[in-house]
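The values are calculated or read from the model by the stated rules, or taken from the named source; none is laboratory data. Since we're looking at a predicted model, the values are computed, not measured. Here the Cβ positions follow ideal geometry from the backbone for every residue, glycine too, while neighbour counts run over all protein chains shown. With ligands, DNA and RNA removed, areas are computed over all heavy atoms of the protein, side chains included. Shrake-Rupley method; radii C 1.70, N 1.55, O 1.52, S 1.80 Å.
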Amino acid sequence: MKKVSRKILCSLLACWIWGVGATTVARVDEPKLTQTVDEKIIGRKTLAAPRNTEERPLQTPEEFIRQLPAQDREKLREVSRLLAVNEAVNKLKDDYIREPEKHSSVSFRSIVGIKWKRMLKNSGFAPIFLSDLFTGALLINGPFGEKCAVAALYNPWWDALLFFRLEAAENGPPWKITSFELQSGEDFRGEPPSGIPSIDPVIAQKGRQALVWMRLIKATRARFDAVFSGKKPENCSFRNEFPPTSRLPVQLRAAARMKLHQTMLGNKGVIVEMSAFLQLLRGVKAEKMKAVLKGNDLRTFRFFAALPVGFRRTMTYYGCWTTERQRLYLYISKMNPNIICLLYINAGVRVNFEMFDLNDSEKYLDVIGKAQSGKAVGK
């Protein structure tokens, strides 16, 4: 079975996001921007479309596909299948972001849904943990075909993966999950167990926090490609459980993240500042940030501000690290959690702004590696 390249996958995921997911994200229950509407736009009359003298019935997608050349027909069918698979996984993700307490199992096939609910109950994760897990989960596609597909949701802040095997359904939603598994990143990558699991994804012990996430994504995707490359999805299956060897690392990091949230909620000044910056990310024009950002930071914000307003409104708070004089705020897109923004507040000094696409983690690490190599040679 075929497996799409990462560049094609990103394009396909973007299609799904803007074509299917935009209305869903608008329903997420969290503080919303006050939206202003240009009165000129409201008053503008829409030009009537020219009438065709011949009324033509609308084509169904299959009718349209049949008119294409054979090679294009097959490519388009592959795209349609992959989008349908991603829609099924993202439907589950969205359900748990918005209403984690309901333990939705609508995306699962019969008995598998019961096992899913049992696994969540035994995991020890309260609904707020599940919402956090799914909010930061990146979609990774594995092998797929006409009747079967493999996909995963990877949260680098938890360093945890949810694997899914899906099959095409004759009735109801086009694809149903037929097996699943929640694993720690260490288990999946085959790393030897250590005495105390790492909480670097939550609080880096040394170095920049963003580099920890990039290295984890790089290592996890490399392992994913090695495990599933060349495999038929029909030959892949998962254990419908949260293995004991994965529990302590994942639960420890989940608890550490909740501690960060509690620290933020206990500081009214941090809440106000974090919320103010979130509103700026969601709607302010780059020119208005001149008083806050300088140099490269302002140039990076201009790039971010050039993104569609609808996308910017999907940004949400996802982490806060504070000391007496410094604060780091993490914001991610609910629709594309690979897009992250970092705001560094150095009290009395300056504000720094960074934006990353975690799908390009390998490229960032390569550039950083070359730069460090060059400095070493220069010395």
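General observations
- Apportionment of accessible area to carbon and sulfur, the stretch 245-372, percent (1.4 Å): 59 percent
- Checking every one of the GluC sites (Glu not before Pro) in the stretch 135-176 against DSSP loop status and a limit of 13 other Cβ atoms within 10 Å picks out GLU146, GLU170.
- Cα-based shape type of the stretch 85-235, given that a ≥ b ≥ c are square roots of the gyration tensor eigenvalues and the cut on a/c is 1.5: oblate
- Whole-Å distance, taken between Cα centres, linking the stretch 241-306 and the stretch 150-188: 27 Å
- For the stretch 270-372: rounded, prolate or oblate by the Cα gyration tensor [a/c cutoff 1.5]: rounded
- Radius 11 Å from Cβ of LYS115, net charge of other residues (Lys, Arg +1; Asp, Glu -1): +3
- Each Lys and Arg Cβ is given +1 and each Asp and Glu Cβ -1; about its Cα centre, the stretch 230-311 then shows a dipole of about 120 debye.
- All distinct Cα pairs of the stretch 316-376 go into the 1/r average, and the inverse of that average, the Kirkwood radius, is 13.2 Å.
- Rounded percent of accessible protein surface that carbon and sulfur make up, the stretch 108-215, 1.4 Å probe: 55 percent
- The residues of the stretch 166-240 present an accessible area of 52 Å² per residue when probed at 1.4 Å with all protein chains retained.
- Cross-link pairs exceeding 32 Å between alpha carbons, from the set LYS176/LYS363; LYS91/LYS268; LYS121/LYS147; LYS231/LYS370; LYS206/LYS231; LYS91/LYS294: LYS176/LYS363; LYS91/LYS268; LYS231/LYS370; LYS206/LYS231; LYS91/LYS294.
- Derived scalar couplings between HN and Hα for the stretch 254-270 equal 4, 5, 5, 5, 4, 5, 4, 4, 5, 4, 5, 5, x, 10, 4, x, 5 Hz in order, rounded to whole Hz, by the Karplus curve 6.51 cos²θ - 1.76 cosθ + 1.60 (θ = phi - 60°), x for Gly and Pro.
- By definition, a body whose alpha carbon gyration tensor gives a ≥ b ≥ c is oblate when a/c is 1.5 or more and a/b is not larger than b/c, and the stretch 216-294 fits this oblate description.
- Candidate aspartates and glutamates - alpha carbon under 16 Å from LYS218, same-chain residues fewer than 8 apart omitted: ASP159, GLU186, ASP187, GLU191, ASP200, ASP357, ASP360, GLU362, ASP366
- The convex hull drawn around the Cα atoms of the stretch 147-290, when projected onto a plane and averaged over every direction, covers 13.2 nm².
- Between ALA291 and ARG118, full extension at 0.36 nm per residue minus the direct alpha carbon distance yields a gain of 57.0 nm.
- Label sites at LYS363 and ARG208, each approximated as a point 7 angstrom past Cα along Cα to Cβ, lie 1.6 nm apart.
- Surface analysis of the stretch 285-358 yields an accessible area of 45 Å² per residue, using protein heavy atoms and a 1.4 Å probe.
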